[in-house]
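Before any comments, here is the structure.
Quick note: the coordinates plus some simple rules give every number you see, no bench work behind them. Note that the structure is a prediction, hence the values are computed from the model and not measured. Cβ placement follows ideal geometry from the backbone for every residue including glycine, while neighbour counts extend to all protein chains displayed.
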Amino acid sequence: MSMAGKDGTGNKLNAAAHEGPNAALPPIARVRRTYRQPEVADVAAATVDAIRGSRLKDRVKPGGRVAITAGSRGIAEIDRITRAAVEAVRSLGLDPFVVAAMGSHGGGTAEGQRALLAELGVTEDSVGCPIRSEMDTVVLGTSSIGLPIHLDRNAYEADGIVLLNRVKPHTSFTGRYESGLLKMLTIGLGKRQGAAQVHKLGLPGLRAMLPEVGEFLLRNTRVALGVAILENARERAARVVAVEPEELLDAEPKLLDEARDLMARLPFDQIDVLVVGELGKNYSGTGMDPNVIGRQRVETMPDLPRPVITRLAVLDVSEESRGNALGIGLADLTTDRLVGRIDPTPIRVNCLTSNLLTRARVPLSLPTDRDVIAGCLDTCWRIERSEARMVIIPNTLELTTLWVTPAMRADVEAHPELRLASDFMPIPLCSNGRLDQELLFPDSQRARRALREGAEAHPA
């Protein structure tokens with residue numbers, strides 16, 4: 001008896017079996033998402049107002065040296081924000097300097113951390129003050145698990161510390177304190193050694209160590225102010241908030257809840273194929289934000305409940321990530337091009353410091369973007385490619401524009417913030433099999449980078 005005679009699906013199965021790797025890919029249409037969220041008109045002015053309206057001047061002696069933290073995350077307009085913080089502190093009669101506060105990032109070296117800040121536009125010329133990126137720390141005490149508590153020596157010796165950072169959900173765990181001011185204090189200013197100690201017991205330990213070590217450091221260092229930045233789904237500042245040190249432990253969880261409500265997410269609960277144009281540390285500390293893709297891939301930890309993605313592909317690593325392809329282990333398929341661009345050193349430092357290893361595992365790689373997309377479609381548990389619910393995004397940070405296949409049309413039409421912004425069209429692939437990401441996402445960071453590089457190569 002034939003399969004068709006038994007279950008009526010033989011024709012579909014036979015058709016799928018004969019499609020092969022060169023069969024047509026389903027068409028895609030552009031989808032725009034409109035968010036209704038608060039946004040700060042002038043983030044530099046908001047930063048100045050926050051600092052000048054705080055009690056910072058009362059906490060630091062006149063002319064005192066103030067360390068302002070600068071991390072490695074891609075906070076929108078971080079160069080303007082940092083310069084504004086420097087100017088505001090100086091206007092209060094204090095002597096500011098910037099301290100690199102990024103744990104083990106930049107390969108865990110002073111030169112690497114200074115270079116990372118420069119890539120974000122934070123240089124001594126741009127912010128108007130010295131930048132200190134040395135990795136030296138002082139040991140101030142011992143945690144309840146018997147490990148030393150470190151703090152950056154430059155910050156410790158300053159007369160005051162201003163914790164400047166974005167508050168947002170962490171990419172690996174949930175708790176009262178995630179990514180924010182307390183993490184900047186305990187891990188960022190802990191430098192490589194301090195970050196390693198806080199991460200020693202993995203994520204369960206991190207939940208406990210962040211508040212414990214943070215509370216200790218608030219009591220035993222000269223933290224004089226926190227400046228919290230909340231970003232909306234368009235990657236713009238929604239609020240800039242001054243947090244006095246004695247209020248920090250109570251204030252940050254509330255700011256975290258607010259940030260969680262503001263963050264961009266995929267608007268679909270179930271996706272057969274998600275294609276991510278590129279990963280990178282400039283988009284997420286994990287390369288691809290687990291809060292967006294729903295995949296944690298952390299030892300002993302379950303994935304998030306939504307979205308559920310059957311096949312996830314990532315095609316490239318951003319230039320800004322400098323070969324640090326951490327997060328590639330969240331994907332099912334990738335390109336030979338991406339694998340060839342991996343610099344193993346920063347990934348090793350990152351993983352061995354955080355004690356999270358699975359996110360660095362390299363998945364199956366294929367020669368071209370087309371091969372990867374076809375491989376996902378052929379293994380996403382749909383009989384025909386045309387049935388696949390596929391979504392294409394530039395990265396996990398820029399989510400106001402995405403592309404979808406016809407199987408997603410009903411979801412788009414039912415969502416109050418989504419609208420189809422084009423007809424369905426063939427997936428734009430170059431002659432070498434690469435996806436034309438700049439055409440699909442002309443407003444993305446990748447496209448802006450390509451324009452800059454083109455202008456530099458062909459000056460007027």
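Values for this structure:
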read-out	value
Ratio Rg/Rh [Cα only; Rh per Kirkwood] for the chain	1.01
Cα long-axis angle, helix 445-457 against the chain (0 to 90 degrees, to the nearest 10)	80
20 Å cut-off, amide nitrogen to a point 7 angstrom out along Asp269 Cα→Cβ, residues in region 389-429	389-391, 405, 407-419
Nearest-0.05 FRET efficiency for Thr174 and Arg55, computed from C-beta distance (R0 25 Å)	0.20
Over the chain: helical MRE at 222 nm, DSSP H runs n ≥ 4 each giving -39500 (n - 2.57), nearest 500	-9500 deg cm²/dmol
Net lengthening on full extension, Arg449/Leu201 (0.36 nm per residue, minus Cα-Cα)	85.4 nm
Relative contact order %, the chain, counting alpha carbon pairs below 8 Å whose residues are six or more apart	18
Pairs beyond 23 Å (Cα-Cα), from Lys200/Lys254; Lys183/Lys254; Lys168/Lys191; Lys183/Lys281; Lys191/Lys281	Lys200/Lys254
Stretch in the chain that is longest and holds no GluC sites (Glu not before Pro) that DSSP places in a loop and that have at most 15 other beta carbons within 10 Å	135-298
Using alpha carbons only: equivalent-ellipsoid semi-axes of region 43-262, gyration tensor based, whole Å	23, 20, 17
Gain upon complete extension [Leu357, Ser91; 0.36 nm per residue less C-alpha separation]	91.2 nm
On Cα atoms only, tilt of 10-19 relative to the major axis of the chain in degrees	70
Length-normalised contact order for region 43-262 - Cα pairs under 8 Å, 6+ apart - percent	23
Chain lengthening between Ala45 and Val308 when straightened (0.36 nm per residue, less Cα-Cα)	90.6 nm
